[in-house]
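Shown next, in structure tokens, is the structure this report addresses.
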Amino acid sequence: MSAILPPAERLWWKHPLDRVEGTWIGIAFVWCMIMFFMMIYWHAYGSQNLSTETYKTTPEKFAAKAQVMVDAYTVRTETEQQIPVVAPPAGSDIYMLARLWSFWPILELEKDQTYRLHLTAMDYNHGFSLQPANINIQMVPGYEHVITITPNQSGMYSVVCNEYCGIGHHQMVGRIYVK
Ligand code: CUA
């Protein structure tokens, strides 16, 4: 048989399956199945997942809840914009909102305590990139993202917006303290 001439039997799917071909199809299929079930397994047991929960909200509802926390637990203000630094009790629900072009408020947390961190964007898409811990999620308007966090190292963390959000995007940096 030659590659120049058309094949005698043009309906390739009617050719008998070669043993080598069948073996490779079998190996590929088994590997597909392993990869498929690994996705499910890794979702539950992989350490790379952020277990965020997401709920619908509105800027007004979210801001009201954040304001309650800020009113109750502000310990001082920082930066030129007088952003409140809030030290909420360990184990509580804590709130941070993003808007053009800042994060509000600044949080002061205790090491090795667990908090439920609620995030939303008030206007456009923003990013929540926690440095140097390298935790990354999108903050989407209309949605409340909830992450359970247990800071295990004290220090100052920066919250960097990593979704392009306009002329002040590069200045959009927030702060979280862990004591
Ligand atoms: Cu907010 Cu970029």
Q.
Quick check: pseudo-label points 7 Å beyond the Cα along Cα→Cβ at Glu60 and Phe37, how many nm apart are they?
A. 5.1 nm
**Q.** Principal-axis tilt of helix 19-45 within the chain, Cα atoms, nearest 10 degrees
**A.** 10 degrees
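Stretched out fully, how many nm does the piece from Gln138 to Ser154 gain, at 0.36 nm a residue minus the Cα gap?
Details: separation 16, 0.36 × 16 = 5.76 nm, distance 2.43 nm.
The Gln138-Ser154 span can extend by a further 3.3 nm.
Report the full-extension gain for the segment Asp18 to Asp93: residue separation times 0.36 nm, less the Cα-Cα distance, to one decimal in nm. It would help to have the intermediate numbers written out before the result.
Numbers: separation 75, 0.36 × 75 = 27.00 nm, distance 6.25 nm.
Stretched out fully, the Asp18 to Asp93 stretch lengthens by 20.7 nm.
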Q) Simple spin-label model, 7 Å along Cα-to-Cβ: Phe29 to Thr77 in nm? A) 6.9 nm
(Q) Straight-line reach from Lys111: which lysines fall under 25 Å, measuring Cα to Cα and dropping same-chain residues less than 8 apart? (A) Lys65, Lys179
**Q.** Global form of region 53-178, assessed from the alpha-carbon gyration tensor, a/c cut-off 1.5
**A.** rounded
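Ranking Arg19, Arg76, Arg99 by Cβ neighbours within 10 Å, fewest first, what do you get? If you can, show how the numbers build up before the last one.
Values: Arg19 8, Arg76 11, Arg99 19.
With the sparsest Cβ surroundings first, the list reads Arg19, Arg76, Arg99.
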Q.
Taking 0.36 nm per residue of sequence separation and subtracting the Cα-Cα distance, how much length would be gained by fully extending the chain between Leu100 and Asp123, in nm to one decimal?
A. 7.5 nm
Q. Roughly what angle does helix 59-73 make with the longest principal axis of the chain, taking Cα atoms, 0 to 90 degrees, to the nearest 10?
A. 50 degrees
**Q.** FRET efficiency, Val68 to His169 (Cβ-Cβ, R0 30 Å, nearest 0.05)
**A.** 0.55
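Neighbouring Cβ atoms within 10 Å as the yardstick, rank Cys32, Cys161 fewest first.
Final ranking by Cβ density, sparse to dense: Cys32, Cys161.
Which ordering of Ile176, Ile149 is given by a fewest-first count of other beta-carbon atoms within 10 Å? List each step's numbers first, then the result.
Numbers: Ile176 21, Ile149 18.
By the 10 Å Cβ count, ascending: Ile149, Ile176.
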Q | Euclidean distance between Cα centres, region 1-23 to region 115-179, Å | A | 58 Å
**Q.** region 29-136: GluC sites (Glu not before Pro) in DSSP coil with no more than 11 other Cβ atoms inside 10 Å
**A.** Glu80
**Q.** Long-range HN-HN contacts of Tyr143 with modeled amide H, under 5 Å
**A.** Thr57, Ala121
Q | Assigned charges on the beta-carbon of Lys, Arg, Asp, Glu; region 53-178 dipole about Cα centre (debye) | A | 60 debye
(Q) Under the rule a/c < 1.5 gives rounded, and otherwise a/b versus b/c splits prolate from oblate, where does region 1-65 land using the Cα gyration tensor? (A) prolate
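Bear in mind that the values in this text are calculations on the coordinates, not laboratory data. If you're wondering where the values come from, they're calculated on a predicted model, not measured in any experiment. All Cβ positions, glycine included, derive from the backbone under ideal geometry; neighbour counts span all protein chains shown.
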